[in-house]
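Enquirer: Here it is, the structure, as structure tokens.
Bear in mind that the values in this text are calculations on the coordinates, not laboratory data. These figures come from a predicted structure and were not determined experimentally. Note that we place each Cβ from the backbone using ideal geometry, even for glycine, and neighbour counts take in every protein chain shown.
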Amino acid sequence: MKNRNTQHVTQSTNIKWHPHHVTKEGRAILKRQRPCILWFTGLSGSGKSTIANAVEEMLFGLGKHTYLLDGDNIRHGLNSDLGFDEAARVENIRRIGEVAKLFVDSGLIVLTAFISPFRKDREQVRRMVEEGEFIEIFVDTPLEICEQRDPKGLYKKARAGEIGNFTGIDSPYEAPEKPEIDLKTEGMTPLEAAQIVVTYLQSKGYLNAE
């Protein structure tokens, strides 16, 4: 097993959590929704970002307060210093989890679209928030279909050896074992997949909290 730590950081013992007078519960009541993380995971080209965008647009249309974190966008700023080896991927997801946790505390429904290939790392994010605040959504698209789509030409480059540590080719993807939502996207449009997610949120009371 490779080292899963990017570096050793000594944290000051003088750092203490500063409580807020305005609570997460108060923010949620103001927004009339239950905050949560919608964690879209799947192979490159599976449709994560497309479906997440469609879900956010539907929620916005319902008057809900959301924010979408996308893998490529995060690597332009917050995680621009990270590579793509296993240790860097672990740190990438840890940072995203911490940001998503802050969004949940603000009362938002936060959508994340990341390959996030390792189960252990997704479960670590689940443990960061309260029960019911992490909704794992498996964008369940077969590798051969993702490779046929290859919207960024990444599979072609990986097959040619131009990209290393590429998930699904020479780096593993550990599919969720018990996701809250399993979107088997073969033969399904992105809007149909998005509607499944929104219907789940409605049925579980995330969109009509008092």
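Enquirer: How many nm is it between the label spots at E174 and R119, if each spot is 7 Å from the Cα in line with the beta carbon?
Expert: 0.7
Enquirer: Could you derive backbone 3J(HN,Hα) for the stretch 182-192 from the dihedral phi with the Karplus parameters 6.51, -1.76 and 1.60 (θ = phi - 60°), listing whole Hz in sequence and x where the residue is Gly or Pro?
Expert: Karplus values, whole Hz, x for Gly and Pro: 10, 9, 7, 7, 4, x, 10, 7, x, 5, 5.
Enquirer: Among 160-168, 131-139, what's the highest-first ranking by average C-beta atoms within 10 angstrom per residue?
Expert: Listed from highest to lowest mean packing, they are 131-139, 160-168.
Enquirer: Can you tell me the order of 119-126, 49-56 when each peptide is scored by its average per-residue count of other Cβ atoms within 10 angstrom, highest first?
Expert: So the order, starting with the most tightly packed, is 49-56, 119-126.
Enquirer: Still on this structure: Quick check: pseudo-label points 7 Å beyond the Cα along Cα→Cβ at R149 and N208, how many nm apart are they?
Expert: Placing both labels 7 Å beyond Cα along the Cβ direction yields 3.2 nm.
Enquirer: To the nearest 0.05, what FRET efficiency results for I29 and A87 with a Förster distance of 35 Å applied to their C-beta separation?
Expert: Calculated value: 0.30.
Enquirer: Nearest 500 deg cm²/dmol is fine: what mean residue ellipticity at 222 nm does the chain get from its DSSP H runs of n ≥ 4 alone, each adding -39,500 (n - 2.57), divided by its residue count?
Expert: One gets -12000 deg cm²/dmol as the mean residue ellipticity at 222 nm.
Enquirer: Just to be sure I understand, if you calculate semi-axes √(5λ) of the Cα gyration tensor in Å for this structure, which of (1) 36, 22, 17; (2) 28, 24, 13; (3) 34, 26, 15 do you get?
Expert: (2)
Enquirer: Now for a different question. At a Förster distance of 25 Å, what's the computed FRET efficiency of R127 paired with R75, Cβ-Cβ distance as r, to 0.05?
Expert: 0.55
Enquirer: Another question about this same structure. Placing +1 at every Lys and Arg Cβ and -1 at every Asp and Glu Cβ, with all other atoms neutral, what dipole size does the stretch 138-210 have around its Cα centre, in debye to the nearest 20?
Expert: Around 240 debye, computed over the stretch 138-210.
Enquirer: What FRET efficiency, computed as 1/(1 + (r/R0)^6) with R0 = 45 Å and r the Cβ-Cβ distance, is obtained for V22 and A160, rounded to the nearest 0.05?
Expert: Computed FRET efficiency for V22 and A160 comes out at 0.25.
Enquirer: Hey, if you put +1 on the Cβ of every Lys and Arg and -1 on every Asp and Glu Cβ in the chain, which of G47, Y173, L111 ends up farthest toward the positive end of that dipole?
Expert: Positive-most Cα among the choices belongs to L111.
Enquirer: Explain nothing, just the number: dipole magnitude of the chain about its Cα centre with +1 on each Lys and Arg Cβ and -1 on each Asp and Glu Cβ, in debye rounded to the nearest 20.
Expert: In total the dipole reaches around 480 debye.
Enquirer: A further question on this structure: Could you tell me the center-to-center distance, by alpha carbons, between the stretch 138-178 and the stretch 76-104 in angstrom?
Expert: What the calculation gives is 20 Å, centre to centre.
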